[in-house]
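Working notes, beginning with the structure itself.
The values are calculated or read from the model by the stated rules, or taken from the named source; none is laboratory data. Quick caveat: nothing in here was measured; it's all calculated off a predicted structure. Methodologically, a virtual Cβ is constructed for each residue, glycine included, from the backbone with ideal geometry; neighbour enumeration extends over all protein chains shown. The accessibility values were calculated without ligands, DNA or RNA, using every heavy atom of the protein model including side chains. Shrake-Rupley method; radii C 1.70, N 1.55, O 1.52, S 1.80 Å.
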Amino acid sequence: MNNVNRDKIKLPLRLLNELSERKVNFKLRNLSVYKGGIDFISNDYLGFSKLGLLHQQFSKAFSDQNFLSGSGGSRLISGNSILKEETENEIANFHNAEAALIFNSGYDANVGLLSSLPQKNDLVISDELIHASIYDGIRLSYAKHYKFAHNHVEDLEDLINRHKNSFENIYVVVESIYSMDGDEAPLNEIVELLKQYKNVFLIVDEAHAIGVFGKNGRGLCNEMGIEENCLARVYTYGKAMGCHGAVIVGSSTLRNYLINFARSFIYTTALPDTSIANIAAAYQLLIKGTQQVKLKENINYFLNEAKKLTSLINSKSAIQCLVVEGNTKVSDLEKQLLIKGILVKAVKSPTVKEGSERIRICLHSFNTKEEINILISLLQ
Ligand SMILES: Cc1ncc(COP(=O)(O)O)c(C=O)c1O
């Protein structure tokens, strides 16, 4: 078939118009393939993927296994395996939880969790900056949803007090490290606040904290000593862990509930065991801990040098953001940096609020001081 025929069926006009509107003011999303360049863009914070560390660890641990390329079914049909069950037990132990359940991605984990736990008479209160996957999960539930101002514990308290008598249960959802700002949630304050109420539960998405914070990269809940105060914690494997998939940890009853009601777990083909072995190998690398030390050094070095930059969002994580107002301006800066061989991401509206467009910089264990110096001097 030639291209002319393939392209014959056009999208409805309304959709074509919406797409055209996106082109105005740099709002159109495009796929890019980066060839080379200094990496300040990927979420591979510990270089587990880029440095080939996971491949090495994986082949050492699993070279004699003949994994199938596909799992052949959902976990509830034929896609389960001893490796999956054993790895989940190890993950639960690592994260100081009773049980763990692996999902195919962080997106699936959040959608499954938030669409199945909150019920019709329940309320979800989330930070206004939570990830799209959490929003999508909440939208699929029958619960009511309110947002509190970013990291504003008083606002959260006010919402709970206003609504606690009108709902059966309240689920409070935060990210420990916010993906587009890199700042951290005031977890201790939130936990102290929630202790005052019955039927108010905390859910924490640790996507950008695993590998970076806590003992051996256990996450920020571990660092803050609040693991046992969470109803559920979500850890994703596509970022610092350098592979793919995600896990929800919590009680055995939570695991059992999700196996029965989380549709993004039930109605999808399970990850193949190669992916599970990769996840297990990534945990072994976390336990070794060498890359975490290098990443911490680079974060500290960047923060020290970046004092010269104004409008840097306050963050101690691997995600650092420089606010550059306006889609045109931020896109131009991204392009200028690309010409110099530096890969960063311009985060534009509507992904972030208009006026808070930013250059998102991801720091890694493998970035050199020279690379950081070049980046900072160009940003200046
Ligand atoms: C906070 C947060 N949660 C969940 C996800 C989704 O994870 P995954 O990429 O594994 O689907 C992301 C990814 O961008 C994220 O930043």
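Considering only residues that are in contact (Cβ under 8 Å) with a residue 24 or more places away in the chain and out of contact with any strand residue (DSSP E or B) (no Cβ under 8 Å at 6 or more places or on another chain), which ones fall in segment 302-326? The answer is GLU305, LYS308, ASN314, GLU325, GLY326. Kindly indicate the residue of segment 297-319 that is open to solvent by less than 20 Å² (accessible area, probe 1.4 Å) and within 18 Å of the chain's Cα centre (by Cα) and also nearest to ARG358 (Cα to Cα) among those meeting that condition. Per the stated criteria, the residue is ILE319.
When ILE177, ILE138 are screened for being more than 10 Å from the ligand (Cβ to nearest atom) and touching a helix residue (DSSP H, G or I) at 6+ places or on another chain (Cβ under 7 Å), only ILE138 passes.
If you filter segment 331-380 down to residues that are touching a Gly at 6+ places or on another chain (Cβ under 7 Å) and in a loop (DSSP other than H, G, I, E, B), you find that the one that is farthest from SER315 (Cα to Cα) is GLY341. Evaluating VAL293 against the criteria (1) closer than 26 Å to SER141 by Cβ; (2) not assigned by TED's automatic domain parsing to the domain that holds SER115 leaves one unmet condition, (1).
For LYS147, the conditions (1) within 24 Å of GLU184 (Cβ to Cβ); (2) outside any strand (DSSP E or B); (3) open to solvent by 60 Å² or more (accessible area, probe 1.4 Å); (4) within 16 Å of the ligand (Cβ to nearest atom) are fulfilled apart from (2). Identify the residue in segment 198-209 that is of a type in the set (Val, Ile, Thr) and either in contact (Cβ under 8 Å) with a residue 60 or more places away in the chain or open to solvent by 10 Å² or more (accessible area, probe 1.4 Å) (or both) and, among all such residues, is farthest from the ligand (Cβ to nearest atom). Out of the qualifying residues, it is VAL200.
Among the residues making up segment 173-205, those that are within 26 Å of TYR283 (Cα to Cα) and in contact with an Asp or Glu (Cβ under 8 Å, 6 or more places away or on another chain) are VAL173, VAL174, GLU175, SER176, ILE177, TYR178, ALA185, VAL204, ASP205.
Of all residues in segment 165-179, those that are without any contact (Cβ under 8 Å) to a residue 60 or more places away in the chain have Cβ atoms under 8 Å from Cβ atoms of residues that are among the aromatic types (Phe, Trp, Tyr), 6 or more apart or on another chain, in ASN169/PHE201; ILE170/TYR197; ILE170/PHE201; VAL172/PHE201; SER176/PHE213. Applying the set (1) open to solvent by 10 Å² or more (accessible area, probe 1.4 Å); (2) farther than 30 Å from THR268 by Cα; (3) touching an Asp or Glu at 6+ places or on another chain (Cβ under 6 Å); (4) not small (Gly, Ala, Ser) to HIS152 leaves exactly one unmet item: (3).
Within segment 280-296, the presence of a residue that is within 20 Å of GLU357 (Cβ to Cβ) and open to solvent by 10 Å² or more (accessible area, probe 1.4 Å) is excluded. Within segment 246-270, which residues are within 15 Å of the ligand (Cβ to nearest atom) and surrounded by 23 or more Cβ atoms within 10 Å (Cβ to Cβ)? Selection gives ALA246, VAL247, ILE248, VAL249, ALA262, SER264, PHE265. Can you name the residue in segment 117-135 that is free of Cβ contacts under 8 Å to residues at least 40 places away in the same chain and open to solvent by less than 70 Å² (accessible area, probe 1.4 Å) and, of all such residues, is nearest to the ligand (Cβ to nearest atom)? Out of the qualifying residues, it is SER133.
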